[in-house]
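Asks: This structure is in structure tokens; I'll ask about it shortly.
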Amino acid sequence: MNRLQIYYINHLREELALAKGYQNRNQVPKLTKINVSVSLKPINFNTEIVPLILYPLERLTGGKGKLVRSKRSDSDINVRAGIFTAACVTLQGDKIYQFLDNLYSLWLPNISSSSGLSLDSFDSQGNYSFSLPFEAVPEFSAEFGQYQYLSTFEITIQTSSKTNWDAFGLLNGLKIPFQTPTVAEKTSLQSL
């Protein structure tokens with residue numbers, strides 16, 4: 001077990017249950033999965049470079065990557081049906097906590113001029129999405145020339161919470177650095 005997972009099980013779950021007045025331990029929000037993806041648009045969907053995309057993605061997350069094909073053609077962005085449009089990795093179980101531990105202790109501090117993650121990226125179902133610049137991952141800074149076609153990692157954290165405010169409490173309790181919410185942001189998080 002990861003130290004973040006032990007912290008959630010032993011401390012945070014009890015704190016959230018007391019703060020929200022949950023009667024059952026299973027009502028407390030928890031992390032269900034994390035999806036990390038990279039768009040292939042910057043490389044113009046070049047099939048020769050596609051296998052090279054999976055290597056940094058799998059190395060970043062520790063999970064098995066897969067390629068996503070387009071289901072239909074779209075002439076606005078020059079996509080034909082059946083070509084690879086993205087590479088993604090879905091993390092579940094223990095790998096979620098290992099990834100989050102690396103995220104807030106290693107990668108997020110490397111983002112220059114960052115005062116924390118924005119609160120505007122919660123959807124109405126308690127999930128949070130954000131982009132991690134490729135330069136923020138120190139493991140690849142020496143090899144950046146090889147991966148120059150990558151721009152950002154798109155990360156979606158899915159929780160079992162029903163509201164954004166519960167998801168914010170869970171992620172904030174797991175030490176994800178958010179910007180300090182204003183009164184208007186607090187009310188918008190609580191209203192959704």
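Asks: Can you pull out every residue in segment 5-31 that is of a type in the set (Phe, Trp, Tyr) and more than 16 Å from Ile157 (Cβ to Cβ)?
Replies: Step one: filter segment 5-31 for residues of a type in the set (Phe, Trp, Tyr), giving 7-8, 22.
Selection gives Tyr7, Tyr22.
Asks: On to the next question. Looking at segment 147-169, can you tell me whether even one residue there is at pLDDT below 85, assigned to a loop (DSSP other than H, G, I, E, B) and loosely packed, with under 13 Cβ neighbours inside 10 Å?
Replies: Scanning segment 147-169, I find at least one residue that is at pLDDT below 85, assigned to a loop (DSSP other than H, G, I, E, B) and loosely packed, with under 13 Cβ neighbours inside 10 Å, so the answer is yes.
Table: residues versus (1) at pLDDT 85 or above; (2) outside any loop (DSSP other than H, G, I, E, B); (3) surrounded by fewer than 19 Cβ atoms within 10 Å (Cβ to Cβ); (4) β-branched (Val, Ile, Thr).
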{"position": "Gln23", "(1), (2), (3), (4)": "yes, no, yes, no"}
{"position": "Thr32", "(1), (2), (3), (4)": "yes, yes, yes, yes"}
{"position": "Asn35", "(1), (2), (3), (4)": "yes, yes, yes, no"}
{"position": "Thr47", "(1), (2), (3), (4)": "no, no, yes, yes"}
{"position": "Leu52", "(1), (2), (3), (4)": "no, yes, yes, no"}
{"position": "Pro56", "(1), (2), (3), (4)": "no, yes, no, no"}
{"position": "Val68", "(1), (2), (3), (4)": "no, yes, yes, yes"}
{"position": "Lys71", "(1), (2), (3), (4)": "no, no, yes, no"}
{"position": "Ile77", "(1), (2), (3), (4)": "no, no, yes, yes"}
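Asks: Restricting to segment 8-26, give me the number of residues that are within 24 Å of the chain's Cα centre (by Cα) and free of Cβ contacts under 8 Å to residues at least 24 places away in the same chain.
Replies: Of the residues in that region, 5 qualify.
Asks: Let me ask something else about it. Would it be correct to say that Leu106 is modelled with pLDDT under 85, part of a loop (DSSP other than H, G, I, E, B) and more than 12 Å from the chain's Cα centre (by Cα)?
Replies: no
Asks: For the list (1) over 19 Å from Phe168 (Cβ atoms); (2) surrounded by 14 or more Cβ atoms within 10 Å (Cβ to Cβ); (3) at pLDDT 75 or above; (4) not polar (S, T, N, Q), I need the number of the one condition that Asp94 fails.
Replies: (2)
Asks: Another question, then. Going by what's in this entry, would Ser131 be described as touching an Asp or Glu at 6+ places or on another chain (Cβ under 8 Å) and either modelled with pLDDT of 85 or more or of a type in the set (Val, Ile, Thr) (or both)? First the steps, then the outcome.
Replies: Numbers: touching an Asp or Glu at 6+ places or on another chain (Cβ under 8 Å): yes; either modelled with pLDDT of 85 or more or of a type in the set (Val, Ile, Thr) (or both): yes.
Considered against the rule, which asks whether it is touching an Asp or Glu at 6+ places or on another chain (Cβ under 8 Å) and either modelled with pLDDT of 85 or more or of a type in the set (Val, Ile, Thr) (or both), Ser131 comes out as yes.
The values are calculated or read from the model by the stated rules, or taken from the named source; none is laboratory data. What you are looking at is a predicted structure, and each value in this text was computed from that prediction instead of being measured. Virtual Cβ from ideal backbone geometry, glycine too; neighbours counted across all protein chains shown.
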